[in-house]
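Here is the structure we will look at.
The values are calculated or read from the model by the stated rules, or taken from the named source; none is laboratory data. Predicted, not measured: the structure shown is a model, and the values here were computed from it. Every residue, glycine as well, gets a Cβ built from its backbone with ideal geometry; the counts of neighbours run over all protein chains shown. Remember, those area values only see protein heavy atoms, side chains included, never the ligands or the DNA or RNA. Shrake-Rupley method; radii C 1.70, N 1.55, O 1.52, S 1.80 Å.
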Amino acid sequence: MYETALQPDLESPAFRCDPYPVLAQLRARDPVHWNARLKGWVLTRHDDVRAALVDERLSSDRLRPFFAALPEDGAAQLPTLSRHLPHWMVFRDPPAHTRLRRLAAPLFSAARIAAAQPVVEATVARLLAALRDRSDFDFIAEFAGPLPALVVMRLLGVPEEELARLKRRSDELALFVGSARASPQKYAHAEKALRELTELFADLVAARRRAPRADGISALIDHARDQDDIGEDELVATCVLLLFAGHETTTNLLGNGLLALLEHPGELDKLRAEPALAARAVEELLRYDSPAASVVRVVRAAHERRGRRLAAGERVFVMLGAANRDPAVYAQPDRLWLARGGPSSLAFGYGPHLCLGFALARLEARVALPALLAAWRRIELAEPAARLAWHDSLVFRGLVRLPIAVRP
């Protein structure tokens, strides 16, 4: 029997700081939960989450209906968002999703990821060298943010001097894409951000058409030409998506991961003593505090889940982080255990929408975390964990800043 009166506040700062006790309560007492504040369903059990990610009765195409439902004056104020964002493959269903994914997939082949390792290692070394003489710094702003952004910019062929602007605009766009609830100006900020990013990549695509290079943008142009069914807006939108998705999740993985290690010094010491543990450690850090908290779907065909009726048009928050702490799948799920092994987490999703860049994100974390621990013998929080600010998002889970103090 579900406790349908259970109505936790999933928008509160306390929930953003530590959502897992509330998610555990929902998982145990109301796993298919209607949240009146969100006006949507919340799925928290591992089997429901995994099933939802491949259920054709749920649609990823949630932005086109959103923009279509806006009042005329509201839609007119968001011309860039309404034109370009629905071309992102993450917001499309097959066959459009399949076609757009086929365009970008070759950029994340095993061979290309292997070739990216020297770029990742060199970027990690450069960022750490710039911090070597510091006794404290913001880990997000000065390492976890720049690292994946610089890597994906290098892979795509975006000039490095654009880093600060692209990071700022991506963060503004994330307010809209991540379903921020407490940011009243998110639409205006996201519109401006996407306009700048779209203009930048439209210029870069035009430049590569005139003079191709050995970079990701030129490769995308070639793939689009071979497919013969990719429009110019779709090509530019895919470039923007790869830049955006190529660093937001990895920044959160590194920030959440370091915080988890600092709060579990025994596990941190194990990774420092045994860098070869890094691959398994990254998998456990992904599970323990997933950088993507949820994905959002819209009910395409009405159906029942665990006795609850989901009506067409209703939103569904598929909680990846809750699934990754399900005791039915992971023993002692609230324990961080770097050598855990066992089933892979759902941190990067599952099924047709499995994150294209998962291998690159894992590579960056496998290289960065051991190098960070080797650079300083002592790393500690520079302020209490309870005071750390988390992003206003139901989709992304990550820290706004992570001040740390370091000692050689």
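Things to note:
- Cα gyration tensor shape for the stretch 287-408, rounded if a/c is under 1.5, else prolate or oblate: prolate
- Whole-angstrom gap from the stretch 335-408 to the stretch 232-253, using each part's C-alpha centre: 19
- Loop sites in the stretch 97-156: trypsin sites (Lys or Arg not before Pro), DSSP, at most 16 other Cβ within 10 Å: Arg132, Arg134
- Inter-label distance, nm, simple model (7 Å from Cα along the C-beta direction), Lys39/Ala276: 5.6
- A DSSP coil position with no more than 10 other Cβ atoms inside 10 Å describes the following trypsin sites (Lys or Arg not before Pro) in the stretch 10-41: Lys39.
- Computed magnitude of the charge dipole of the chain (debye, nearest 20; Cβ of K, R +1, Cβ of D, E -1): 480
- Eligible lysines near Lys192 by straight Cα distance, threshold 17 Å, same-chain separation 8 or greater: Lys167
- For the chain, the mean residue ellipticity at 222 nm estimated from helices alone is -16000 deg cm²/dmol, where every DSSP H run of n ≥ 4 contributes -39500 (n - 2.57) and the total is divided by all residues, rounded to the nearest 500.
- Simple rule: put +1 on each Lys or Arg Cβ and -1 on each Asp or Glu Cβ in the chain, find the dipole, and look at Pro352, Leu204, Ala193; the Cα lying farthest toward the positive end is Pro352.
- Sites Arg210 and Ala141, calculated FRET efficiency, Cβ-Cβ separation with R0 45 Å, nearest 0.05: 0.80
- Average Cα contact separation per residue, the chain, under 8 Å, 6 or more apart, as relative contact order %: 25
- Applying the Karplus relation 6.51 cos²θ - 1.76 cosθ + 1.60 with θ = phi - 60° to the stretch 61-68 yields 3J(HN,Hα) values of 7, 9, 8, 4, x, 4, 5, 5 Hz, where x marks Gly and Pro.
- Per residue, in Å², the accessible surface of the stretch 214-265 once ligands and nucleic acids are set aside, probe 1.4 Å: 28
- Only the Cβ atoms of Lys and Arg (+1) and of Asp and Glu (-1) were treated as charged; on that basis the dipole of the stretch 81-179 about its Cα centre amounts to roughly 560 debye.
- Projecting the Cα atoms of Ala374, Leu388, Leu23 onto the charge dipole of the chain (Cβ charges, centred on the Cα centre) puts Leu23 farthest toward the positive pole.
- Filtered trypsin sites (Lys or Arg not before Pro), the stretch 273-345: DSSP coil and at most 13 other beta carbons within 10 Å: Arg306, Arg335
- Between Ala374 and Ala301, residue separation times 0.36 nm minus the direct Cα-Cα distance comes to 21.0 nm.
- A simple spin-label model places pseudo-atoms 7 Å from Cα toward Cβ; at Gln185 and Glu56 they are separated by 4.6 nm.
- C-alpha center-to-center spacing [the stretch 297-317, the stretch 89-125] in angstrom: 31
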